[in-house]
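Undergrad: Quick one: the structure is below, and I'll ask about it shortly.
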Amino acid sequence: MTFVIRDRILVTSTTTGTGTFTLGLATAGYQDFSSIGDGNTTYYTITNGTDWEVGIGTYTSSGTTLARTQVLSSSNSNALVNWAAGSKNVYVPQPAINTQGTAPTGDNSSIGTDQVAFNNFQKNLQASVNGGVTFNNNNVGGIVSTYSLVYTKAAGAYSGGVLAPNGDIHFVPSSAAVGQKVSATGVVSTYSLVYTFQDGAYSGGVLAANGDIHFILAAGNRGQKISSSGVVSTYSLVYTNVNAPYSGGVLAPNGDIHFVPLRAPVGQKISAAGVVSTYSLVYTGNVVYSGGVLAPNGDIHFVPYAANRGQKISAAGVVSTYSLVYTFGAASAGGVLASNGDIHFVPSQGTVGQKISAAGVVSTYSLAYTISQGYSGGVLAPNGDIHFVPLEARVGQKISAAGVVSTYSLTYTTTTAYSGGILTPNGDIYFIPYVAPVGQKISTCPAIPFGLDTCLSSYLNKF
């Protein structure tokens, strides 16, 4: 299946209902859908002059039909239109989704500050699932490999990573004495930090709207960031009073970076202007949350670690809690936003998967493999799979866009091996080394509707 666009395609149809359309003859001066090619996909618009529907369709030459594979927008609240009797025009458009929104920022816990671009990314990503390759080592995608590091440490060198606008992956320093990054071409290098701490300084990172990467406080006593030009600097925090108060962070739609509370009794954030402030939480405790995820509606969900309830903060700053289906000590470690809007909690010591839907429904699902401290963080691949990053796990594990959980072989495993992962623009997922002496990555680039040589990431939402 290939994604194809051709000029001046316009036909009529009298099909009714919400199913596949049988296409009629081309209008004078236009061509029919045969130039798309049997089994290929394309954009379509259907309208009767009042109602309308825009989407991605699959053309079949036998019967001259167009399956309405993915609706992008419509007069029926962006759902399939239930067409009544009468003539409709069917043609190939250039959807507005391809031209709206700026390319959003991404840090694996949020997509960015542009809600239009965020929505476009989600829709294009979901559409790409239909053209993705099967994940296994016999395809272009699914190849696991290792690479050499410049700096390693046996006591938790780095804790997570962030993809910079220039394609560099920065490792977040935990007990490391130097910063380390991987360039877009795969070159590993180190750089000097202003502040280091030997007992877990930072626990995650966030890419700010201005291109700065902020390292999120763990046991350190100050904030630290690196600018897009490579300048490292520190700044004062309002609250640093307990060991490991925060665990990861999330970029809110308004540009604020929220620190995820682990032991802290207060929330803390830094604004786009660099102002650090605190706010009240509804629920606090010892090691309660680990990582956070920005939902499509602007809510930031704190991912439960040992918490007995979920907690979130809305775009308006309202903090609230909600019930979980499954709780366990150190149950989850980070979360991932799926292409359908579900937030998946990444299993750490939990024996089941848990997620919360865009509508707020919490549910669980079976895992293929569990082990104490199995995974730490996760990454959404271009084909819609969510990969859990192996910490103690001896196999990789992922859940598909259709909800199928499966495992795969890793090249390198060790105790507390990796702590978070990053999706690069070429489709590779890098696992960030915690105590592993080598880096590990997995290629996931599928054949998506926009071309075999393009791999969708959080930076590529415009075509």
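None of the figures in this text is laboratory data; all of them are computed from the coordinates on show. Owing to the predicted nature of the structure, the values given are computational and were not obtained by experimental measurement. Glycine gets a Cβ as well: all are built from the backbone with ideal geometry, and neighbour counts include every protein chain shown.
Undergrad: If you take every residue apart from Asn76 with its C-beta less than 15 Å away from the C-beta of Asn76, what net charge results, scoring Lys and Arg +1 and Asp and Glu -1?
TA: Details: positive: Arg68, Lys88; negative: Asp51, Glu53.
Taking every other residue near Asn76 into account, the sum is 0.
Undergrad: Starting from 0.36 nm per residue, how many nanometres of slack lie between Val231 and Ala359 once their C-alpha separation is accounted for?
TA: Details: separation 128, 0.36 × 128 = 46.08 nm, distance 4.14 nm.
That pair, Val231 and Ala359, stretches by 41.9 nm at full extension.
Undergrad: Using Cα atoms only, what is the angle between the long axis of helix 115-129 and the major principal axis of the chain, expressed in degrees (0 to 90) to the nearest 10?
TA: 70
Undergrad: For the chain, just list the percent of Cα-Cα distances falling in each 20 Å bin from zero outward, please.
TA: So the P(r) values, bin by bin, are 25, 53, 20, 2.
Undergrad: Dipole magnitude of the chain about its Cα centre, charges +1 at Lys/Arg Cβ and -1 at Asp/Glu Cβ only, in debye to the nearest 20? Show your work: numbers first, answer last.
TA: Numbers: 18 positive and 17 negative charges, 103 e Å.
Using only the charged Cβ atoms, the result is roughly 500 debye.
Undergrad: For Cα pairs less than 8 Å apart in space and 6+ apart in sequence, what is the mean separation divided by the residue count of the chain, i.e. the relative contact order in percent? Numbers along the way, then the final one.
TA: Working: 1344 pairs, mean separation 61.5, N = 463.
For the chain, the relative contact order is 13 percent.
Undergrad: Please give the residues of region 406-426, grouped as numeric ranges, whose backbone N is less than 13 Å from a label point set 7 Å along the Cα-to-Cβ vector of Ala184.
TA: Counting only backbone N, you get 424-426.
Undergrad: Okay, moving on. Taking neighbour Cβ counts within 10 Å as the exposure measure, how do Phe259, Phe21 sort from fewest upward?
TA: On the way: Phe259 30, Phe21 24.
Exposure proxy ranking, most exposed first: Phe21, Phe259.
Undergrad: I need to check one value: relative contact order of region 339-426, counting alpha carbon pairs closer than 8 Å and at least 6 residues apart, in percent. Intermediate results must be reported in sequence, preceding the final value.
TA: On the way: 184 pairs, mean separation 19.9, N = 88.
Reported as a whole number, the value is 23 percent.
Undergrad: Over region 10-98, calculate the relative contact order: mean separation of alpha carbon pairs under 8 Å at least 6 apart, over the residue count, as a percent. It would help to have the intermediate numbers written out before the result.
TA: Numbers: 204 pairs, mean separation 31.2, N = 89.
Relative contact order of region 10-98: 35 percent.
Undergrad: Give a residue-ordered list of calculated ³J(HN,Hα) values for region 354-364 (Karplus: 6.51 cos²θ - 1.76 cosθ + 1.60, θ = phi - 60°; whole Hz; x for Gly, Pro).
TA: For region 354-364, the Karplus curve yields 9, 8, 10, 7, 4, 8, x, 8, 9, 8, 10 Hz.
Undergrad: First measure r as the distance between the Cβ atoms of Thr12 and Asn286, then evaluate 1/(1 + (r/R0)^6) with R0 = 56 Å and state the FRET efficiency to the nearest 0.05.
TA: On the way: r = 67 Å, r/R0 = 1.19.
Result of the calculation: an efficiency of 0.25.
Undergrad: How would you classify region 10-98 from its alpha-carbon gyration tensor, with a ≥ b ≥ c the square roots of the eigenvalues: rounded for a/c under 1.5, else prolate if a/b is greater than b/c, otherwise oblate?
TA: Details: a/c = 1.42, a/b = 1.21, b/c = 1.17.
In terms of gyration-tensor shape, rounded.
Undergrad: Counting only helical runs of four or more DSSP H residues, what would the 222 nm mean residue ellipticity of the chain come to if each run contributes -39,500 (n - 2.57) and the total is spread over all its residues?
TA: Values: 1 runs with 15 residues, N = 463.
Result for the chain, helices only: -1000 deg cm²/dmol.
Undergrad: Exposure proxy check: Arg68, Arg8 ranked by fewest other beta carbons within 10 Å? Before the final figure, lay out each step's value.
TA: Details: Arg68 19, Arg8 12.
Starting with the residue having the fewest Cβ neighbours, the order is Arg8, Arg68.
Undergrad: Continuing with this model, one more query. What are the ³J(HN,Hα) couplings of region 255-264, residue after residue, when phi is run through the Karplus curve with 6.51, -1.76, 1.60 and θ = phi - 60°? Round to Hz, x for glycine and proline.
TA: x, 5, 9, 9, 7, 7, x, 9, 10, 5
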